[in-house]
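Remarks on the structure that follows.
Every number here is computed from the coordinates shown, using simple stated rules; none is lab data. Because the structure is a prediction, the values reported are computed rather than measured. Glycine gets a Cβ as well: all are built from the backbone with ideal geometry, and neighbour counts include every protein chain shown.
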Amino acid sequence: MQFEVFGGRAAAVLMFVQVALAACGAAQAQDKGTLNPQPLPPLADPSDPALAAKELFGRKPTPAPLAARSIGFYSKGCLAGAVALPINGETWQVMRLSRNRNWGHPSLVRLLERLSEKGTKVGWPGLLVGDISQARGGPMLTGHASHQVGLDADIWLTPMPDRELTRQEREEMSATDMVAADKKDVDPAAWTPAHLAIIKAAATEANVERIFVNAAIKKALCRDARGDRTWLHKVRPMWGHNYHFHIRMRCPDDEPDCKPQDPPTNGEGCGHDLDWWFTDAVLHPKPSAKRPKPRPLKLADLPPACHQVLVAP
């Protein structure tokens, strides 16, 4: 998602609740993959300007052999020179392999490898990595509105087991829902100090600009954090995100085609800043009149350089 919500802005954003829930809800960590992924059928006319960009990028299983760079904004761009996070590492495993979304900017892949090692030093046995980006970034056929430029990654809030998961487990096992049934706090049977430790380890990475979590998780972090709390301002409440946390890196300094998001505010975002998220209107939104779905992005909506990424061999 492109927007963030804080206390005191309820009237301006309530109309977006249903849209946001829909965008965050598709292809979440607990949604099953498949053991027998099938290639998408060829397009009748790939050059049709009316074709949704997701149909084009979703049919590119390999990266563009170009210099690595993130192009455009997190929810409106593409990725050149992507590298794959290996599906197995000593301190990480990639989930939902059938989605082929373990591609990212090289700096993000290095960060994930580094974070997985840091996690083992703070009580987190290893990362279960969900979606990063497609091989050439861009809009996805299902799921995220963001994750288009190779600088976003989802990390399951389920610690990695001490064995290599089977292919079936990677496609079908569910992530852990960290939120209590009333949605007002974390589930005390699931939440542990190690959850705080791994989120803090991610947020204290210099190139990480934001961490998105469910508001109940943000509430728990605010309550449980001790000592240095300066990292809390990077952790932002967002709809969904009760099964995983979302890492967003800032644009690389030497890549002017990458469009940054406004830096997060410096306040912790705790206390009254969270009150709106726990109002009845947000926790239990009323059904609203059916609104038309947003128009899918076309290739022409993306930065011009994304055409070069798409047609590269």
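Some notes on this structure:
- Linear extension gain, residue 167 paired with residue 230, 0.36 nm per residue minus alpha-carbon span: 18.7 nm
- Residue-span extension gain [residue 265 to residue 291] - 0.36 nm each, minus C-alpha spacing: 6.2 nm
- Going from the fewest other Cβ atoms within 10 Å to the most, the residues 167, 69, 226 appear in the order 226, 167, 69.
- The mean sequence distance of close C-alpha pairs (under 8 Å, at least 6 residues apart), as a share of the length of the chain, puts its relative contact order at 25 percent.
- Projecting label points 7 angstrom from Cα along Cα→Cβ for residue 141 and residue 113 puts them 3.0 nm apart.
- The calculated 222 nm mean residue ellipticity attributable to helices in the chain amounts to -6000 deg cm²/dmol, summing -39500 (n - 2.57) over DSSP H runs of n ≥ 4 and dividing by all residues.
- By other beta-carbon atoms within 10 Å, ranking 183, 286 with the fewest at the front produces 286, 183.
- Antiparallel beta bridges, as assigned by DSSP with both residues in the chain, represent about 75 percent of the total such bridges.
- With neighbours defined as other Cβ atoms within 10 Å of a residue's Cβ, the residues 186, 311 order from fewest to most as 311, 186.
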